[in-house]
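The values are calculated or read from the model by the stated rules, or taken from the named source; none is laboratory data. Not measured: the values here are computed from a predicted model. All Cβ positions, even for glycine, are placed from backbone atoms using ideal geometry, and neighbour counts span all protein chains on display. Only protein heavy atoms, including side chains, enter the accessible area calculation; ligands, DNA and RNA are left aside. Shrake-Rupley method; radii C 1.70, N 1.55, O 1.52, S 1.80 Å.
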Amino acid sequence: MKRTVLAAALAVAATSATAASRDYISVVGSSTVYPFATVVAETFGKTTQFKTPKIESTGSGGGLKLFCSGVGVEHPDITNASRRIKKSEVEKCASNGVNDIIEVKVGYDGIVMANAKNAPLFKISRKDIFLVLAKDVPNPKAAGKTMPNPYMTWKDVNSSLPNTRIEVLGPPPTSGTRDAFVELGMEGGCKKIDWIKAMKKTDKKAYKKLCHTIREDGHFIEAGENDNLIVQKLEANPAALGIFGFSFLDQNTDKVKGSEVDGVEPAFEAIADGSYPVSRPLFFYVKKAHIGKVPGIKEYLAEFTAEKAWGDEGYLTDKGLIPMPAAERKSFADAVKTMKNLEM
């Protein structure tokens, strides 16, 4: 009897030990950072004794939700993000015991509105972007009032644009690309309208709702977190435009081309020097409590933050990453080495 009980106890202990250990790094998050993280993971797997990390594309918001859900090997070690973590997400992390987080800025990326290679080149302004995609727009017949978006074609918004039906494929609300596009593209155009810009001071909540809410009448189509799928759909439908990161444009120049925004073409140099108006930093976040518990995290961070990876001539530039200036790279590399905690 004792022997049976002992065997059962040993079996339970063995199962618990298996559940409590993981011999590979688990990474979730942004579909924009995904291709960069995948290349680093593959290089890391080939050049070290550690297993290749498992990278999942869940979107920035979805990744942070998983990352902040707790400490322990059933939760991810790292989450990629195409926007900075929000204060509310840091609080959510803390409420689940995730207190020590390392923030790593990876580089920069532009957000493009692209269409099929054989379709006409679009030259749009941020104001056009707002008027094309917002749920409510200013009523030209009533000053200071809005109306449900009536615009059906691009020409309705701007007479210099094609007389084709507005059809824009873009990411879902969980996507960091969508968050950044709404803030930089739509709000960037929204505040070009003086009375709306003034509203930011008098009623910030109403201002944000007006500038950030995308229309839901079939002219904007949520196309999921898979940017490659958007590229395929643009090829199949030359009348449509798609929203995704510059890196995907850079990898698919044989299939799609980027629209000019405010007279600036989405190009490596224009994103690096800040002249392209719809660009943003990329990040990943590391759960400090997992370093030393899951093998290889420290070494993976060293690979990602090495000059041969994220530097001016690093292998990530081949995938479309816009490197940070050298001083900024050094600052984040030092933060990784000293395991400096995130500061909001």
Would you work out the charge dipole size for region 248-344 about its Cα centre, treating the Cβ of every Lys and Arg as +1 and the Cβ of every Asp and Glu as -1, and quote it to the nearest 20 debye? 800
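Using only alpha carbon positions, build the gyration tensor of region 110-279, then give the equivalent ellipsoid semi-axes as the square roots of 5 times its eigenvalues, largest first, whole angstrom. Spell out each step's value before the answer.
Details: eigenvalues 130, 60, 45 Å².
Result for region 110-279: semi-axes of 25, 17, 15 Å.
Computing the accessible area with a 1.4 Å probe over protein heavy atoms, can you report the carbon and sulfur percentage for the chain? Each step should come with its number before you reach the end.
Working: 8750 of 16120 Å².
Of the solvent-accessible surface of the chain, carbon and sulfur hold 54 percent.
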How tilted is helix 227-236 with respect to the longest principal axis of the chain? Cα atoms for both, answer in degrees (0 to 90, nearest 10). 40
Relative frequency of Cα-Cα separations exceeding 20 Å in region 59-140, percent: 55
Where the centroid of each part is defined by its Cα atoms, how far is region 134-189 from region 96-121 in Å? 21
Per DSSP helix of 4 or more residues, -39500 (n - 2.57); summed, then divided by the residues of the chain. What does that give at 222 nm, rounded to the nearest 500? -10500 deg cm²/dmol
Over the chain, what is the mean sequence separation of C-alpha contacts under 8 Å (at least six apart), divided by residue count, expressed as relative contact order in percent? 27
Quote the relative contact order of region 110-279 in percent (integer), defining contacts as alpha-carbon pairs under 8 Å separated by 6+ residues. 39
Inter-label distance, nm, simple model (7 Å from Cα along the C-beta direction), Y24/K51: 0.6
Give me the angle, in degrees from 0 to 90, between the Cα long axis of helix 326-337 and the longest principal axis of the Cα atoms of the chain, rounded to the nearest 10. 30
Accessible area per residue in Å² at 1.4 Å probe, computed on region 110-279: 46
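Nearest 5 percent is fine: what portion of the DSSP beta bridges confined to region 100-232 is antiparallel?
60
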Counting only protein chains, not ligands or nucleic acids, how are F268, F248 ordered by accessible area (probe 1.4 Å), most first? F268, F248
Of the beta bridges DSSP finds with both residues in the chain, what % are antiparallel, to the nearest 5? 70
What is the angle, in °, between the Cα long axis of helix 34-47 and the longest principal axis of the Cα atoms in the chain? Nearest 10 is fine, range 0 to 90. 30
Name the long-range amide H neighbours of G107: under 5 Å, sequence gap of 5 or more, or other chain; modelled H, no Pro or chain starts. L282
Using volume of the Cα convex hull per residue in Å³ as the read-out, say which of (1) 172; (2) 124; (3) 139 was calculated from these coordinates. (1)
